[in-house]
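J.: Below you will find the structure I want to go over with you.
Derivation of every value follows stated rules applied to the coordinates shown; laboratory data play no part. Bear in mind that the values here come from a model prediction, so they are computed numbers and not experimental data. Cβ coordinates were reconstructed from backbone atoms using ideal geometry, including for glycine residues, and neighbour counts include every protein chain displayed.
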Amino acid sequence: MISDLMKLVDKFVGGFKKRLYGKTFFCPVCHLELSYYDVDVNGNLVCPLCGVVIELHETYGHSIPIVNDVEINRAQPKKRLHPLATHFPIGLFPLAFLGALIITIASAYIKASGTNSLECGFCRDISPVLDNITWIFLFIAVLSSGFTFLTGFLDWKQRYGGRPYRVITLKLVLSGLFIGIGIVILILHPVVFTAGVIPFENPVMIPVTFVYFVLMGSAMFMLATLGHVGGYLVFGK
Amino acid sequence: MEFSLTKEQKELVEKARAFTKEWISPNAAEHDRTGEFPKAICAEAFKQGFMNPHIPKEYGGLEEPVLNHCLVMEEIGTGCTGIGTALGSNGLSQYPVIFAGNDYQKKKFLEPMTQELMFSAYCVTEPEAGSDVSRIKTTAEKIGNDYVINGVKWWITCGSVASWYFVLARVGDKPTGFVVPADTDGIVRGIKEQNLGQHASNTVRVTFEDVKVPQEYRLGEEGDGFKIAMKTFDHTRPGIASGANGITKAALNIALTYAKGRRSFDKKLISNQGVSFKLADMVTKLDASRYMTYLSADLFDKGQDNARQAAQAKWYAGEVAMWAAVECCQILGGYGYTNEMPAEKLLRDAKIYQIYEGAAEIQKMIIVAKLMRTKEVH
């Protein structure tokens, strides 16, 4: 069952990767997977991770990356702000997601038990507090993602010379999407959670809550992909 | 004497080369790393007509000459011989049926293979009987109209994906060939063997425990099995030699590309005689091996005895492939030793060509046996 699920995920990720990267090869020095799209018109490419200058050849469909140079004096990012900043959204957004999930379960429990039921006292007491914490986490995560985007963009310009690597293009696009979706979630959050609970008495709230969680799920997926790709870009295979 | 290919053969080579570049080479490293059986690639090969080329036309096949099959296998082998073995090994089990099968057997076992993607496997080797096939211990006991097979077959290519097996077993002291459907009760397929190379190929142990086979599935007469199993090799060895030629061709192309691109001591690597002479040796040996292979295939297609030439081609192509893979790694230096470059895989894949379908020493024994019956060599 789990292995079937993993195969399905692998197939999905593989298809996505193939569409984005096209044909790939591995840097023979640091083993980073690189796209044929990353190669310039002269058939050269600087590995974003280890800095070797690769001359890419192909014979019989086999990629032959030949190393003839290395960027020794490549610009290093100042104070490593991007790696530091990136952990705020990666750390806080999943907690906000978890908070929203708990409040939703609590709201459903309150609705099922009856609004005035004594059993729900704890839920009704704790939900507004949790809602506030969740919103603060969300706010910091989205705000810091803007800062992360900015530092990442500067890193790309300095360290990677603004070269249009597919992996960095993916990071830029996903980061932009994450910020956009994050802002929508921030606007939607007070609408969904009124006074710390979801007012399920209002039938409109069910589709609104659904949309909210679809956006949260998409943002989580983007964040996971960004974290994975970013880690891959720093540490290699 | 004609050394050029026909227009159709040239087109076939182009088609196989395009298939190799698009489907095999780009996926070779992945299958080598994971060991996953390349079913999707085989499905595409089946669609493009690269599988089962030797099945007779009356059973829905293409009935391609062995030489054409060699041309295709050389191209595919240049991409990955592990994948090449996966999609070419059907021939080894199909030939016994083509040679010795009756109309019923051919319709039952060969015809479906032309209609959908299916695999079959050649079950001869046993833990105690490799090159010396006569030592096999698997028994087939005649009970009524059935035979009951017991024994263990080892290193069976495509063993866990096959729909049927060609099985060599002893009826008393007579080696006899059978076709056994893989879903017959009593057949146990083992797990995939972790081999040195050709990881995409599926090699397993197949155990037969009281496997009941109707006598209609016996090939030829009781006692014909050894002859059938050996005659098969006259047909398949040129194809095996072509796979080895594919490795040599890949080694040459990779080494040549690298030597022309890599700079060392302020000049291209290929400017050094020590490197360039290796390339000259490679291309010369490749041509020699290739012509031996084509000759052995052509003799078979003309209905002439090709046992010596097939043995020579298989032996020499295997030796050249192994040597070329080593030299390719040497030319690439440290990059020849890393698994992010295709050279080291060639080295691992090449070794089996000196072993399977008769070890190099067995090929020499066949050559000498033929020489002993010759008064003088012209």
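J.: Give me B:Phe178, A:Phe12 ranked fewest to most by other Cβ atoms within 10 Å of their Cβ, as a rough exposure proxy.
T.: If I rank by nearby Cβ atoms, fewest first, I get A:Phe12, B:Phe178.
J.: Is the protein assembly as shown rounded, prolate or oblate when judged by the Cα gyration tensor, a ≥ b ≥ c being the square roots of its eigenvalues, rounded requiring a/c under 1.5 and prolate requiring a/b larger than b/c?
T.: Verdict is oblate for the protein assembly as shown.
J.: Right, something else. I'd like to verify something in chain B: which complete DSSP H helices, judged by Cα projection on the helix axis, reach 24 Å or more and average at least -0.5 on the Kyte-Doolittle scale?
T.: Flagged H segments are B:225-261, B:273-301, B:307-332.
J.: Please name whichever of A:Ile110, A:Trp156, A:Phe221 sits farthest to the positive end of the charge dipole of the stretch A:81-235, dipole taken about the Cα centre and charges placed at Cβ: Lys and Arg +1, Asp and Glu -1.
T.: Most positive-ward Cα: A:Trp156.
J.: Assign unit charges at the C-beta atoms only (+1 for Lys and Arg, -1 for Asp and Glu), then state the dipole size of the protein assembly as shown relative to its Cα centre in Debye, rounded to the nearest 20.
T.: Rounded to the nearest 20 debye, it is 1480 debye.
J.: Which one, B:His235, B:Ala100, B:Cys123, projects farthest toward the positive side of the charge dipole computed for chain B from Cβ point charges (K/R +1, D/E -1)?
T.: So the residue furthest toward the plus end is B:His235.
J.: Right, another one. Within chain A, which whole H helices from DSSP have a Cα span along their axis of at least 15 Å and a mean Kyte-Doolittle hydropathy of 1.0 or more, if any?
T.: Answer set is A:87-113, A:166-192, A:205-235.
J.: Only Cα pairs within less than 10 Å get springs; with that Gaussian network setup on chain B, which residue of B:Ala40, B:Ala29, B:Ala18 has the largest fluctuation?
T.: Residue with maximal mean-square fluctuation among B:Ala40, B:Ala29, B:Ala18: B:Ala40.
J.: List the trypsin sites (Lys or Arg not before Pro) in the stretch A:24-117 that DSSP assigns to loop (not H, G, I, E or B) and whose Cβ has at most 15 other Cβ atoms within 10 Å. Which are they?
T.: For trypsin sites (Lys or Arg not before Pro) across the stretch A:24-117 that sit outside H, G, I, E and B with at most 15 neighbouring Cβ atoms in 10 Å, the list reads A:Arg74, A:Lys78, A:Lys79, A:Arg80.
J.: Shape verdict for the stretch B:108-151, please, from the Cα gyration tensor: rounded (a/c under 1.5), prolate (a/b greater than b/c) or oblate.
T.: oblate
J.: How high is the relative contact order of the stretch B:120-222, in percent, with contacts defined as C-alpha pairs under 8 Å that are six or more residues apart?
T.: For the stretch B:120-222, the relative contact order is 32 percent.
J.: Contact order normalised by length for the stretch A:8-70, with contacts defined as Cα pairs under 8 Å and 6 or more residues apart; what percent is it?
T.: Computed value for the stretch A:8-70: 21 percent relative contact order.
J.: Right, here's the next one. How large is the charge dipole for the stretch B:1-133, taken about the Cα centre, if only the Cβ atoms of Lys, Arg (+1) and Asp, Glu (-1) carry charge, to the nearest 20 debye?
T.: Charge dipole of the stretch B:1-133: 320 debye, to the nearest 20.
J.: Mean shadow of chain B, computed from the convex hull of its alpha carbons, in nm²?
T.: The directionally averaged projection comes out at 19.5 nm².
J.: Please report B:Trp23, B:Trp155 as a ranked list, fewest other C-beta atoms within 10 angstrom at the top and most at the bottom.
T.: The most exposed by this proxy come first: B:Trp155, B:Trp23.
J.: May I pose another question? Regarding the stretch A:81-235, what are the three Cα extents along the principal axes, ordered largest first, in Å?
T.: 62, 25, 22
J.: At a threshold of 8 angstrom on Cα-Cα distance, excluding pairs fewer than six apart, so keeping six or more, what relative contact order does chain A reach in percent?
T.: Here the relative contact order equals 21 percent.
J.: Between exposed trypsin sites (Lys or Arg not before Pro) in chain B, where DSSP calls loop and at most 14 other Cβ atoms lie within 10 Å, what's the longest gap?
T.: Value returned for the longest uninterrupted segment is B:138-301.
J.: Are there GluC sites (Glu not before Pro) in the stretch B:310-378 that DSSP marks as loop and that have at most 16 other Cβ atoms within 10 Å, and which are they?
T.: Those satisfying the criteria are B:Glu376.
J.: Now, a different point. Rounded, prolate or oblate: which fits the stretch A:1-106, taking a ≥ b ≥ c as square roots of the Cα gyration tensor eigenvalues, rounded meaning a/c under 1.5, else prolate when a/b beats b/c?
T.: oblate
J.: Given +1 on the Cβ of Lys and Arg, -1 on the Cβ of Asp and Glu, and no further charges, what dipole in debye does the stretch B:226-372 carry about its Cα centre, rounded to the nearest 20?
T.: So the dipole magnitude of the stretch B:226-372 works out to roughly 140 debye.
J.: Another question, then. Helix-only mean residue ellipticity at 222 nm, chain B, DSSP H runs n ≥ 4 weighted -39,500 (n - 2.57), per residue, nearest 500. What is it?
T.: Theoretical 222 nm ellipticity from helices: -16000 deg cm²/dmol.
J.: Name the residue farthest towards the positive end of the dipole of the protein assembly as shown from the options B:Tyr217, A:Gly230, B:Met322, assuming +1 on Cβ of Lys and Arg, -1 on Cβ of Asp and Glu, about the Cα centre.
T.: Looking along the dipole axis, the top candidate is A:Gly230.
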